[in-house]
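I have placed the structure first, in the form of structure tokens, so that the comments after it can refer back to it.
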Amino acid sequence: MFNLVLVHPQIPNNTGAIGRLCVNAGASLHLIKPIGFDIDEKAVRRAGLDYWNKLDLYVWENIEEFFAQNNITENAYFATTKTDRPYFEANFKAGDYIFFGSETAGIPENVLNKYKEQNITIPMTKEGRSLNLAISTGIVLYEAIRQNYPAFKEIE
């Protein structure tokens with residue numbers, strides 16, 4: 001129903017947990033290289049448990065290949081701390097792509113700038129600078145599902 005896109009993920013446990021989230025939410029997972037670990041690593045499998053083989057997974061060699069093979073227009077949102085627009089103001093539609101950057105660098109600045117009107121954030125207090133990647137994907141993905149719940153019920 002939705003596509004989660006991880007740009008240069010670095011922590012295998014996060015990616016494993018996100019894979020498990022995707023299976024349970026009926027979402028596809030796109031990983032854009034470089035990836036900071038081997039996706040066959042024990043930590044990824046452990047976090048994804050027995051869900052990893054059920055995952056609709058796509059691995060892209062680089063961000064250019066991803067954009068060349070996927071028609072990204074208004075059908076995408078880009079999660080970042082560099083905007084004031086909260087994720088719950090986005091109008092998610094089935095099939096949308098929801099981008100998240102690496103745990104250390106976020107989404108590349110040139111991508112954020114190209115899609116500035118589609119940048120979204122998770123509101124936080126001034127005490128923290130960011131949330132864990134796996135938690136962030138869950139927050140935003142389930143808002144997208146909430147907005148499209150009748151269609152989501154059909155895929156259960």
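When the chain is modelled as a GNM with alpha-carbon springs shorter than 10 Å, which of 59, 111, 23 fluctuates the most? So, out of 59, 111, 23, the one fluctuating most is 111.
Candidate cross-link partners of residue 114 among the aspartates and glutamates, defined by an alpha-carbon separation under 13 Å and a same-chain spacing of 8 or more, comprise 74. Name the most mobile residue of 85, 129, 20, meaning the one with the largest mean-square fluctuation, in a Gaussian network model of the chain with Cα contacts below 10 Å. With Cα springs under 10 Å in the chain, the top fluctuation among 85, 129, 20 is at 129. Between the residues 60, 75, 22, the greatest Cα displacement towards the positive end of the dipole of the chain, with unit charges on the Cβ of Lys, Arg, Asp and Glu, is found for 22. For the options 38, 96, 56, a Gaussian network treatment of the chain with springs between C-alpha atoms closer than 10 Å singles out 38 as fluctuating the most.
Taking the Cα centre of region 3-155 as origin, work out the dipole magnitude from +1 charges on Lys and Arg Cβ and -1 charges on Asp and Glu Cβ, in debye rounded to 20. Write out the running numbers ahead of the final one.
Values: 15 positive and 18 negative charges, 74 e Å.
Using Cβ point charges on Lys, Arg, Asp and Glu, region 3-155 gives about 360 debye.
No value in this document is a laboratory result; all are computed from the given coordinates. What you see is a predicted model, and the numbers here were worked out from it, not measured in a lab. Here Cβ is always computed from backbone atoms with ideal geometry, including for glycine, and neighbour counts include all displayed protein chains.
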